[in-house]
Ligand SMILES: NC(=O)c1ccc[n+]([C@@H]2O[C@H](COP(=O)([O-])OP(=O)(O)OC[C@H]3O[C@@H](n4cnc5c(N)ncnc54)[C@H](OP(=O)(O)O)[C@@H]3O)[C@@H](O)[C@H]2O)c1
């Protein structure tokens, strides 16, 4: 794919709420660069479960993130190369490799424009595929581990411990010195064990099985999956202020537990810069489980909706 001379580019768009069938890759105008903005030619763009909820038109998402039809765009995370600078931009230069996040749901495109404060330099040694999907999962993982204040005294349970958010949250909790029990399927167990996380299969009798492996109790619970994990944490006796969910807001309200997510991070670029350095130095891992060309965006989201696998799925735009 390549942007043409007539000022258009390929981008993911949709004109109505629905299944992945509404997603199309079409020619649209290249976005213009505002005074404090940088234009980036996107190499890789991330995909996240929240985008499914927006595209399917779930009632809460319609209120919080209403789609702008026709020609609604999609995608937050990206990595790429700076191609143009707004007049007042001081921190960046053309040709620099950057990691970013669009607040406009516009990263699944050949070009994206973004405020310069939202960019982070791509550290040497960081795989651009990894960089392309780091922002949302990384800031969320950082936020949730901080929200419950993990330390070396704690036993922490994490649901969906091998997913995009969970795999980083698990490692951050381990780096804080905690014992971490990671809920995942047996197919994710080896990766988790390699990170010093104790894998525990989801399924029947989970609360009893957690009690059996943590007879002294669970100090904190990070729910990255929903479907009853907040209830499980409450029945394990975890204090309300040490239970966080990023998905089951109904249960959080019912029990008075936390629902801290990426929005809690005041300086997301600083957090992403820190995580990117740690991954580049191989002190953290952030596995990529599949790469799809942007033209196969429907298949990529169908895969994501299956909710299985270790780490992230990423779209190759112009790698
Ligand atoms: N509020 C926020 O700021 C925020 C930000 C980002 C994401 N989120 C939300 O957080 C959630 C997680 O996002 P993500 O990107 O990490 O998702 P993801 O990568 O799609 O998570 C997939 C993981 O879920 C695991 N899983 C499947 N069935 C499970 C079960 N019954 N119990 C426990 N784990 C199970 C899978 O493990 P196996 O492969 O081993 O089966 C897989 O590793 C999503 O709902 C997303 O919308 C919220």
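The values are calculated or read from the model by the stated rules, or taken from the named source; none is laboratory data. This structure is a prediction, so every number in the text was calculated from the model and none was measured. Ideal geometry is used to build each Cβ from the backbone, glycine not excepted, and the neighbour counts take in all protein chains shown.
Testing residue 229 on (1) crowded, with 16+ Cβ neighbours inside 10 Å; (2) farther than 30 Å from residue 314 by Cβ, one condition comes back false. Which one is that?
(2)
Against the conditions (1) within 16 Å of the ligand (Cβ to nearest atom); (2) within 24 Å of residue 81 (Cβ to Cβ); (3) in the same structural domain as residue 81 (by TED's automatic domain parsing); (4) buried (at least 19 other Cβ atoms within 10 Å of the Cβ), where does residue 294 fall short? Just the number, please.
Here residue 294 clears every test but (1).
Inspect all residues belonging to the stretch 192-207 and state whether any of them is closer than 24 Å to residue 50 by Cβ and modelled with pLDDT of 95 or more. Before you say what the answer is, go through the steps one by one.
Step one: list which residues in the stretch 192-207 are closer than 24 Å to residue 50 by Cβ, which gives 192, 202.
This time we only want the ones that are modelled with pLDDT of 95 or more, so: 192, 202.
For the stretch 192-207, residues closer than 24 Å to residue 50 by Cβ and modelled with pLDDT of 95 or more: present.
Could you grab me the full set of residues in the stretch 7-37 that are part of a strand (DSSP E or B) and touching a helix residue (DSSP H, G or I) at 6+ places or on another chain (Cβ under 8 Å)? Even if it seems obvious, please write down each step before you answer.
Step one: of the stretch 7-37, the residues part of a strand (DSSP E or B) are 8-14, 24-29, 37.
Within the stretch 7-37, 10, 12, 14, 25, 37 meet the criteria.
For the stretch 172-204, which positions are within 8 Å of the ligand (Cβ to nearest atom), surrounded by fewer than 17 Cβ atoms within 10 Å (Cβ to Cβ) and either assigned to a helix (DSSP H, G or I) or not assigned by TED's automatic domain parsing to the domain that holds residue 228 (or both)?
186, 187
What tally of residues in the stretch 142-171 results from selecting those that are free of Cβ contacts under 8 Å to residues at least 40 places away in the same chain, buried (at least 20 other Cβ atoms within 10 Å of the Cβ) and away from the ligand (no atom under 13 Å from the Cβ)?
Total meeting the criteria: 0.
For residue 218, state whether it is in contact with a helix residue (DSSP H, G or I) (Cβ under 8 Å, 6 or more places away or on another chain) and either outside the structural domain of residue 170 (by TED's automatic domain parsing) or crowded, with 20+ Cβ neighbours inside 10 Å (or both). Spell out the reasoning first.
Values: in contact with a helix residue (DSSP H, G or I) (Cβ under 8 Å, 6 or more places away or on another chain): yes; either outside the structural domain of residue 170 (by TED's automatic domain parsing) or crowded, with 20+ Cβ neighbours inside 10 Å (or both): yes.
Spelling it out, residue 218 is indeed in contact with a helix residue (DSSP H, G or I) (Cβ under 8 Å, 6 or more places away or on another chain) and either outside the structural domain of residue 170 (by TED's automatic domain parsing) or crowded, with 20+ Cβ neighbours inside 10 Å (or both).
Which condition breaks for residue 313 when tested against (1) farther than 27 Å from residue 125 by Cα; (2) in contact (Cβ under 8 Å) with a residue 24 or more places away in the chain; (3) within 11 Å of the ligand (Cβ to nearest atom)?
(1)
Any residue that is modelled with pLDDT under 95, outside the structural domain of residue 303 (by TED's automatic domain parsing) and within 21 Å of residue 299 (Cα to Cα) - is there at least one of those in the stretch 1-13?
Yes, the stretch 1-13 contains at least one residue that is modelled with pLDDT under 95, outside the structural domain of residue 303 (by TED's automatic domain parsing) and within 21 Å of residue 299 (Cα to Cα).
Output yes when any residue across the stretch 46-66 is in a strand (DSSP E or B), at negative phi, buried (at least 20 other Cβ atoms within 10 Å of the Cβ) and in contact (Cβ under 8 Å) with a residue 60 or more places away in the chain, and no when none is.
Step one: list which residues in the stretch 46-66 are in a strand (DSSP E or B), which gives 46.
Then keep just the ones that are at negative phi; that gives 46.
If we keep only those that are buried (at least 20 other Cβ atoms within 10 Å of the Cβ) as well, we get 46.
Those left that are additionally in contact (Cβ under 8 Å) with a residue 60 or more places away in the chain: 46.
Yes, because at least one residue in the stretch 46-66 is in a strand (DSSP E or B), at negative phi, buried (at least 20 other Cβ atoms within 10 Å of the Cβ) and in contact (Cβ under 8 Å) with a residue 60 or more places away in the chain.
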